[in-house]
Amino acid sequence: MSLVAAIVFALILVCSVAGGPIAQAFLHHNGEQPFPYAVDWNQKPVGPMTRVYATPNPAVDRYDNLIAPPKGQRAKTLLVFGGDGPLGRDELIRVLDGGRASLEIAVGGMLIALLIGVPLGCVAGYFRGVWDAVVSRVTETIMAFPLMMFLVWASVRLDQYLTPISLSPALPRGIVADALLIGIFTSFYPARLIRAQLLPLRTAEFVEASQMVGASHWRILRRQLLPHLLPTLLVWGAIAVATNILLEVGLSFLGAGVQPQTPSWGSLLSTTWGTAFNPQTFNGQNFTPWQTIFPAVAILLAVVSLNQISEGMRRALEPWSQR
């Protein structure tokens, strides 16, 4: 199952990174291009595998109803997953681009959490004393509050400073901000894990032997102890990426995540259903299930495969735990 999960996640990763540009090259349009002919008069988008007129300038009659464009503008394009809503944009390309954004946030948040949590856990678990007391009290205080509440509060308060950050076209506005917030407020997880792992290891015989020959504390941490922590960090990293995907979706539903102009799996769902504070009213005349099914299936496959991968790595890297 772990091997199957690894193959599934590898496919999701490849599709998220390269699927958007490849689809644009084959379909000759991007995910931001609206197609007026992909929406009916109720603003209901067309379904999967539909060919629509590619012209951005619709022709209307005197009653403002869409009619066939002039003969020179009747070239058609294929919408594999149908339209995304009233604008009639390509749902397939937006799901692929949204996967890249969600995975960038999830992986970035995990790496930032490791950069913050691993040093704190090493200091607390190895040096003990005042350092352990300070790190433990700070992490316990953060753990006492709901994580989502912290993220929403920080996102609202720091929106004007963090949201404009864009490191490159591959990291548009909002991606870096969400990754920073998720990484900072989840860094106590690896800190607590590393501390718990180091408490018994700091008194092990190989550590005492290194101290007897004059090895410095930082050399012991870097050369002797960190290799023992790598299996735990790998397993936690896979779980953290899956959790961060769900956090990104939750932030979007609370109106504090990636903004709708930047496609992510969370923003695609929140655009369809609204946010917790501004829900969309259900209208059967313009509702289509595909806008919910495709992002939801992508989220489900990514999260389940990552959790199964983490379980497989735990069994492989810690075989003694199965005895």
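General remarks:
- Of all the residues in segment 255-275, those that are surrounded by fewer than 16 Cβ atoms within 10 Å (Cβ to Cβ) and farther than 22 Å from ALA179 by Cβ number 2.
- Selected residue [assigned to a loop (DSSP other than H, G, I, E, B) and surrounded by 21 or more Cβ atoms within 10 Å (Cβ to Cβ)] from GLY117, GLY88, GLY109: GLY88
- Looking only at segment 251-298, and only at residues there that are aliphatic (A, V, I, L, M) and free of Cβ contacts under 8 Å to residues at least 12 places away in the same chain, the one that is nearest to TRP41 (Cα to Cα): ILE293
- Taken together, ASP178, ASP132 contain a single residue that is in a helix (DSSP H, G or I), closer than 27 Å to VAL297 by Cβ and modelled with pLDDT of 80 or more, which is ASP178.
- Subset of segment 65-85 that is of a type in the set (A, V, I, L, M, F, W, C) and not in a loop (DSSP other than H, G, I, E, B) - its residue that is surrounded by the fewest Cβ atoms within 10 Å (Cβ to Cβ): ILE67
- Taken over segment 1-47, the criterion of being of a type in the set (Phe, Trp, Tyr) and outside any helix (DSSP H, G or I) is satisfied by PHE35, TRP41.
- Selection from segment 1-53 of residues that are small (Gly, Ala, Ser), within 11 Å of ASP97 (Cα to Cα) and in contact (Cβ under 8 Å) with a residue 40 or more places away in the chain: SER16, GLY19, GLY20, ALA23, GLY31
- Taken over segment 68-82, residues that are at pLDDT 90 or above and either within 16 Å of THR288 (Cα to Cα) or hydrophobic (A, V, I, L, M, F, W, C) (or both) amount to 5.
- Residue count for segment 37-49 under the criterion of being surrounded by 18 or more Cβ atoms within 10 Å (Cβ to Cβ) and out of contact with any Asp or Glu (no Cβ under 7 Å at 6 or more places or on another chain): the result is 5.
- Hey, THR243 within 23 Å of the chain's Cα centre (by Cα) and closer than 25 Å to LEU96 by Cα or not: yes
The values are calculated or read from the model by the stated rules, or taken from the named source; none is laboratory data. All values derive from a computational prediction rather than experimental measurement. Please note: Cβ atoms are built from the backbone with ideal geometry, for glycine as well, and neighbour counts cover all protein chains shown.
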